[in-house]
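The values are calculated or read from the model by the stated rules, or taken from the named source; none is laboratory data. Bear in mind that the values here come from a model prediction, so they are computed numbers and not experimental data. With ideal geometry, Cβ positions are generated from the backbone for all residues, glycine too; neighbour counts draw on all protein chains shown.
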Protein chains: 2
Amino acid sequence: MNEKKRIPKSAVSRLSLYLREIQRLEKDGRDRVSSTELGEFTDLTDAQVRKDLSYFGNFGTSGSGYEIATLKASLRKILGKGAMWPIVLVGVGNIGSALLRYPGFKHEGFVIKEAYDVDRNKIGVRYDELVVKDVADINKNEKGKAAKIAIIAVPEKAAQDVADILVKSNVKCILNFAPVVLKVPEGVTVRNIDLSTELENFSFLLSFSK
Amino acid sequence: MNEKKRIPKSAVSRLSLYLREIQRLEKDGRDRVSSTELGEFTDLTDAQVRKDLSYFGNFGTSGSGYEIATLKASLRKILGKGAMWPIVLVGVGNIGSALLRYPGFKHEGFVIKEAYDVDRNKIGVRYDELVVKDVADINKNEKGKAAKIAIIAVPEKAAQDVADILVKSNVKCILNFAPVVLKVPEGVTVRNIDLSTELENFSFLLSFSK
DNA sequence: AATTGTGAAATTGTTCACAGCA
DNA sequence: TGCTGTGAACAATTTCACAATT
């Protein structure tokens, strides 16, 4: 009922988990689920599940939990699933080309519509219907203005320049694989995927526990 | 001075950022840095920087900031850098093979020492000194018992089984690329890298802001 | 004069516990 | 009776602000 409460920023990520689980349950033929059960699947408390869902609406029924079909539709709507989101990829190295080959995106509602690189050897290479273009041409590209989501998978030194170009071409969300803290203007969101940091968390833990 | 205060779990990740930045500064020939400056580089407040560092020791000098050489040595020690950490990789698909080819790990103190897959076509394939082995042989492998860090890059359906095997073979830290919430016993740490969730955060933002 | 280290305050996020509904 | 939705309690994290230090 209440749409104006402060939503913790982590709640949206958890919504993704809930959606994934109820889609799994739906495939198994289930048609209802309780917050307790959803909590078990996602390793969260039942209260957390209910609170998260309550930020976005009243999806449940007292006494009998959540109807999977309804909850699924609601979560998909909230998460913007329904549209196919075009993505610009910059950097077709190890990680970039893995992403290009990854078939899962399309199924999840995302498509890499353009890919750019600086490397002469990579420019012109074809992945399905997509041809890798010269990074110098990002701005020239008309379709570039349609994509609001970008993935940066270039070496650290190039990442900020690429980010600047992307921001100019109207990208609003950047998934950054480069080990750099990108500077972007307000209104642009960056999420970092930083393997070194993840692994350093591990080496920290391991160094201390033994 | 105070080593017993509660350390926020996110502090260690930030330590990684600080280390990265001071190493960058060191290369540029700098030898001191202030919390304000380090905050600018990492997009954090100066207070956050000081508080984070203070959880681990008194590295700074009133009036003149932090000496880069000292701080670097301290952070490297805290983060367990110095040893070369062996990693087991399971799943040599798109992402797995990108990680195998990624040269950066070694430089950061991590080496993929073993790689496994189920796919007959992938088993036996050579990447440098490393040959992909049959996933059925993980337990048999002696060296497997040395690696405490594992990366799971298998399809969703196989991930939990792989995690169970890894836990049995004494792995304590798992970096999981599969879109599943893994169930592991106490004492085992999982960190998830979940592209769908990241992208869904974006589609959520974009759906609401326009 | 500049800048750290840190209690205390403010903010943000999670869990409790229960009234109210199906 | 079983389970949601939620205000209130609690916990964790960040920011403030300033005494102490070089």
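Is it the case that some residue within region B:39-48 is touching a Pro at 6+ places or on another chain (Cβ under 7 Å), closer than 15 Å to A:Val180 by Cα and more than 8 Å from DNA strand C (Cβ to nearest atom)? Checked region B:39-48: no residue is touching a Pro at 6+ places or on another chain (Cβ under 7 Å), closer than 15 Å to A:Val180 by Cα and more than 8 Å from DNA strand C (Cβ to nearest atom).
Yes/no matrix, rows are residues, columns are (1) within 16 Å of the chain's Cα centre (by Cα); (2) modelled with pLDDT of 95 or more; (3) buried (at least 19 other Cβ atoms within 10 Å of the Cβ); (4) not in a loop (DSSP other than H, G, I, E, B):
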site	(1), (2), (3), (4)
A:Val171	yes, yes, yes, no
A:Leu182	no, yes, yes, no
A:Pro185	no, yes, no, no
A:Glu200	no, yes, yes, yes
A:Leu206	no, yes, no, yes
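Would you say A:Thr42 is in contact (Cβ under 8 Å) with a residue 24 or more places away in the chain and either near DNA strand D (Cβ under 8 Å from one of its atoms) or outside the structural domain of A:Val167 (by TED's automatic domain parsing) (or both)?
The answer is yes for A:Thr42.
Quick grid of which residues meet (1) in a helix (DSSP H, G or I); (2) within 16 Å of DNA strand D (Cβ to nearest atom); (3) more than 13 Å from chain A (Cβ to nearest Cβ); (4) surrounded by fewer than 19 Cβ atoms within 10 Å (Cβ to Cβ):
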position	(1), (2), (3), (4)
B:Leu15	yes, yes, no, no
B:Leu19	yes, no, no, no
B:Arg24	yes, no, no, yes
B:Thr70	yes, yes, yes, yes
B:Val88	no, no, no, no
B:Gly96	yes, no, no, no
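Conditions tested, residue by residue: (1) farther than 16 Å from A:Gly80 by Cα; (2) among the β-branched types (Val, Ile, Thr).
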| residue | (1), (2) |
| --- | --- |
| A:Ile7 | yes, yes |
| A:Leu15 | no, no |
| A:Arg20 | no, no |
| A:Arg30 | yes, no |
| A:Glu40 | yes, no |
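Can you say whether A:Lys9 is away from DNA strand C (no atom under 11 Å from the Cβ) and among the basic types (Lys, Arg), as far as the supplied structure shows? No: the conditions fail for A:Lys9. Just one of (1) more than 10 Å from chain B (Cβ to nearest Cβ); (2) away from DNA strand C (no atom under 13 Å from the Cβ); (3) outside any helix (DSSP H, G or I); (4) modelled with pLDDT of 95 or more fails for A:Asn58. It is (2).
Quick check on this structure: which one of A:Gly104, A:Gly124 is facing chain B (nearest Cβ under 9 Å) and without any contact (Cβ under 8 Å) to a residue 24 or more places away in the chain? Being facing chain B (nearest Cβ under 9 Å) and without any contact (Cβ under 8 Å) to a residue 24 or more places away in the chain holds for just one of A:Gly104, A:Gly124, which is A:Gly104. The number of residues in region A:187-198 being at the interface with chain B (Cβ under 8 Å from one of its Cβ atoms) and not in a helix (DSSP H, G or I) comes to 4.
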